[in-house]
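Worksheet: one structure, shown below.
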Amino acid sequence: MTDGEIARVLNSEQGNAVKTIKGPVRVLAGAGTGKTRVITFRIAHMIDEGIDPKNILGMTFTNKAAREMKERLGSLVDPDKADKVTIGTFHSFCGKVLRKEIKRLHYLPNFSIIDDSDQNGLIRQAAAALGYAKNEVPVPLVKNYISNMKNKLCFPKQAKKLADHDENHENLRFARVYAEYQNLLESQNVVDFDDMLLLVHEIFDKFPEVLKKYQNLYKYLLVDEYQDTNDVQFAIIEQLTKEHHNLCVVGDDDQSIYGWRGANISNILDFDKKFPDVKPIKLEQNYRSTSKILKAANLVIGKNSKRHGKNLWSGQGEGENLIVVKTPAAEDEADFIADYIAQVMGDNPSRSYNDFAVLYRSNHLSRQIELALRKTSIPYRMVGGQEFFKRKEIKDAVAYLKILANPKDDQSLLRVLNLPPRGLGKKVVDTLKKYKAASFQPFTFIIGEEVCLKKFSRKAAKSARDFCGCLDKYRKVFSPPGDIAMKVKDFLSDIGYLDGLQRIYKDHAESLKRRENVYEFISAIAEYEKKCASAMNLQDYLESYALMEENDKVEEQTEDSGGVTLTTIHAAKGLEYPYILQVAMETNIFPHRRSVTDGSVDEELRLFYVSLTRAKEQFVISYSTSRMDKGVERNQFPSEFIKYLPEDIVDVCTPEDLIKTMEKGEMLKGFEAIQAMLDN
């Protein structure tokens, strides 16, 4: 890829980022400035310059982004060379490292990755083992504590030392539970999502020869969405690049909205302190939004002081004014949203419902919008509802597969041991726990031992033998790779799960529906197999399943359906729509009341900036003067963020004015009214 070719398809700043290969580079890529194009062109240019594709590692945060990069790269260079570049999420990269290296930490390579529900169960188990009552260790708080500790590179011993000097006695309890929880993970050969990062860092730290191997393999590292990295991710990046210093990070501090899950914005703000010889590059030409939308976005985000200055500009034209709509109540707001969409669709036959997205700060705000859209027969799709892969029958099927892949996975065995009922209930489980306490062996080993079987009833002993026999048979069946979907179908049938759904769900129609869902799950495995370049094994599929993000799961269910998108702003990041309708812009909703008390209003403002920059053509804000809260009607006030918008490009109106004529002459002098409400 010559300089002339780069200049033809990229602007000067993009071209500069693509052609700077050696040393640390920080690319501040504003919203809609083409960062994915820059990353893929940069990799293509590196290959054209003679760099071995195997020496290039690209890391991002979503499977969708990784897929998009791979597809674009395949269209720019020889597909065989593109395939040799490693591009994936942090977790997928760490998963590959752990499969090869985790034995150094006394795990087995066939470890399982636990999900939220299994994690909750293990925390409860750990707390009970330590003699704590349920109210002493609330699971959500403990889980958040453990995640925070791991993201800060704190193992249980370090967490205990910190807690010993902490006046908050709750943290001491949490630290003890953390230690016991970690023991349970190791004994069952399972890891949680935070472990996948923490254990890789530990291996690199304790075994320099392993780190050296990966440093020599990955001599060029690119990190997308760098503003979302946490402490442990930064530590891994630092380890990998310590030898060659060829690091390119691409991100936008103004779109750092994940502090609540550990993202550390200082990683991008203070990048030059860690890498003083960095080459800084800014991308400010926006290819998505109109100039008026960008003017509003620039002014809004300019209220934050801790940021790298950027001024987004566009060649898309001035565009329409932004609109702020005041409604009397939440139901009226929802009706307005439906009426507005219907009116735009009626006036523009070329428009599609897919052109609209309704954004909200929290999921519960979608209820009234859903009702209004149904009432007016407007199709919509939810992002973040109960996904197909979260259904109980699917998680049960996956638990069966986990036992095959990892015989030490006690949590999965307990989940399905008596599902469907096979006479292996509480008494059997109590016996297993007693023998486990004495032998320290996994349940799958104990349940097949004669000394244990003798303690069961005759019926239970036969069921246990049949159960173990089926597991042993299918471990051999699954041993050679390939045909995973058909093997799964046969296994779930032979183990009694498929036919047993009728006994689990007594209602016949319900059991048939659940059965169809399991068959759909098997079809999903078959579709995944088709996409794989080579025959995969069961462990490969289970890892891909575990690392599937929520949005990936939603997409599979909604990509063929049209309709207005309803989503939180967090879930909308990275997406774009011609029309964005931001609802419930009210005090204590957006910014969220919690942000005021914990000092994270800056992040809320960045979230508003993200919302603004999703819009390509029109941005509409709505707020209500009353809303039900916990069953009580409460007066509401417009968000203080609204007053940050430039008055000269914002029209403020009521639903009646907007829906009736859409004429600016009838717009209210609304900024004065909003300011008066905020001042009162």
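The values are calculated or read from the model by the stated rules, or taken from the named source; none is laboratory data. This structure is a prediction, so every number in the text was calculated from the model and none was measured. Backbone-built Cβ (ideal geometry, glycine too); neighbour counts: all protein chains shown. Note: areas computed on protein heavy atoms with side chains; ligands, DNA, RNA excluded. Shrake-Rupley method; radii C 1.70, N 1.55, O 1.52, S 1.80 Å.
Within segment 229-278, list the trypsin sites (Lys or Arg not before Pro) lying in a DSSP loop whose Cβ has at most 15 other Cβ atoms in a 10 Å radius.
Filter output for segment 229-278: 242.
Can you list which of the trypsin sites (Lys or Arg not before Pro) found in segment 1-51 are DSSP loop residues with at most 12 other C-beta atoms within 10 Å?
Passing sites in segment 1-51 are 22.
So if each residue of separation counts as 0.36 nm, and I subtract the Cα-Cα distance between residue 311 and residue 213, what length gain in nm does that give?
31.1 nm
Can you spot the lysines whose alpha carbon is less than 25 Å from residue 326's alpha carbon? Ignore those fewer than 8 places along the same chain.
Of all the lysines, those that pass the test against residue 326 - Cα under 25 Å, at least 8 places apart if same chain - are 292, 295, 303, 375, 616, 630, 643, 660, 664, 669.
About the Cα centre, and with charges only on the beta carbon of Lys, Arg (+1) and Asp, Glu (-1), how big is the dipole of the chain? Nearest 20 debye, please.
The calculated dipole for the chain is roughly 2940 debye.
Name the residue farthest towards the positive end of the dipole of the chain from the options 579, 345, 50, assuming +1 on Cβ of Lys and Arg, -1 on Cβ of Asp and Glu, about the Cα centre.
50
Quick one: dipole size for segment 25-93, taken about the Cα centre, charges +1 on Lys/Arg Cβ and -1 on Asp/Glu Cβ, in debye to the nearest 20.
It comes to approximately 320 debye.
For segment 418-544, rounded, prolate or oblate, judged on the Cα gyration tensor with a ≥ b ≥ c (square roots of eigenvalues), a/c < 1.5 rounded, else prolate if a/b > b/c?
oblate
Would you mind getting the accessible area per residue of the chain, heavy atoms of the protein chains only, 1.4 Å probe, in Å²?
45 Å²
Sorted by accessible area (1.4 Å probe), largest first, how do 382, 548 line up?
Accessible-area ranking of 382, 548, largest first: 382, 548.
Find which of 220, 329, 538 sits farthest along the positive direction of the dipole of the chain, computed with +1 on the beta-carbon of Lys and Arg, -1 on that of Asp and Glu, about the Cα centre.
538
For segment 358-438, what log10 I(q)/I(0) values come out of the Debye formula at q = 0.17, 0.25 1/Å, with one point per alpha carbon and no solvent?
-0.77, -1.23
Quick check on segment 395-436: take the gyration tensor over C-alpha atoms, sort the square-rooted eigenvalues as a ≥ b ≥ c, and tell me if it's rounded (a/c under 1.5), prolate or oblate.
Since a/c reaches 1.5 but b/c is at least a/b, the shape of segment 395-436 is classed as oblate.
Let's test the formula: R0 of 25 Å, r as the Cβ-Cβ distance of residue 166 and residue 266. What FRET efficiency results, to the nearest 0.05?
Plugging the Cβ-Cβ distance into 1/(1 + (r/R0)^6) gives 0.60.
Can you give me the relative contact order of segment 151-241 as a percent, contacts being Cα pairs under 8 Å and 6 or more apart?
33 percent
Calculate the spin-label point distance for residue 7 paired with residue 516, positioning each point 7 Å from the Cα along the beta-carbon direction, and give it in nanometres.
If labels sit at residue 516 and residue 7, their model points lie 6.1 nm apart.
Please list, by residue number, every one of the trypsin sites (Lys or Arg not before Pro) in segment 564-654 that is coil in DSSP and has at most 10 other beta-carbon atoms within 10 Å.
Passing sites in segment 564-654 are 630.
Which value in deg cm²/dmol, rounded to the nearest 500, describes the helix-derived mean residue ellipticity at 222 nm for the chain, given -39,500 (n - 2.57) per DSSP H run of n ≥ 4 and division by the residue count?
-16000 deg cm²/dmol
Enter the accessible area of residue 532 (Å², nearest 10), with the probe set to 1.4 Å and all protein chains included.
Residue 532 exposes around 40 Å² with every protein chain in place.
Of the options 317, 523, 612, report the single residue whose Cα projects farthest towards the positive end of the charge dipole of the chain (beta-carbon charges: Lys, Arg +1; Asp, Glu -1).
With unit charges placed on the Cβ atoms, the residue in question is 523.
Check which residues have an amide H placed less than 5 Å from residue 621's amide H, if you skip close sequence neighbours.
323, 324, 325, 582
Evaluate the charge dipole of segment 272-319 about its Cα centre and quote only its size in Debye, nearest 20, assuming +1 on the Cβ of each Lys and Arg and -1 on the Cβ of each Asp and Glu.
Using only the charged Cβ atoms, the result is roughly 220 debye.
Within straight cross-link reach of residue 274, meaning Cα distance under 14 Å, which aspartates and glutamates are found once same-chain residues fewer than 8 apart are removed?
231, 238
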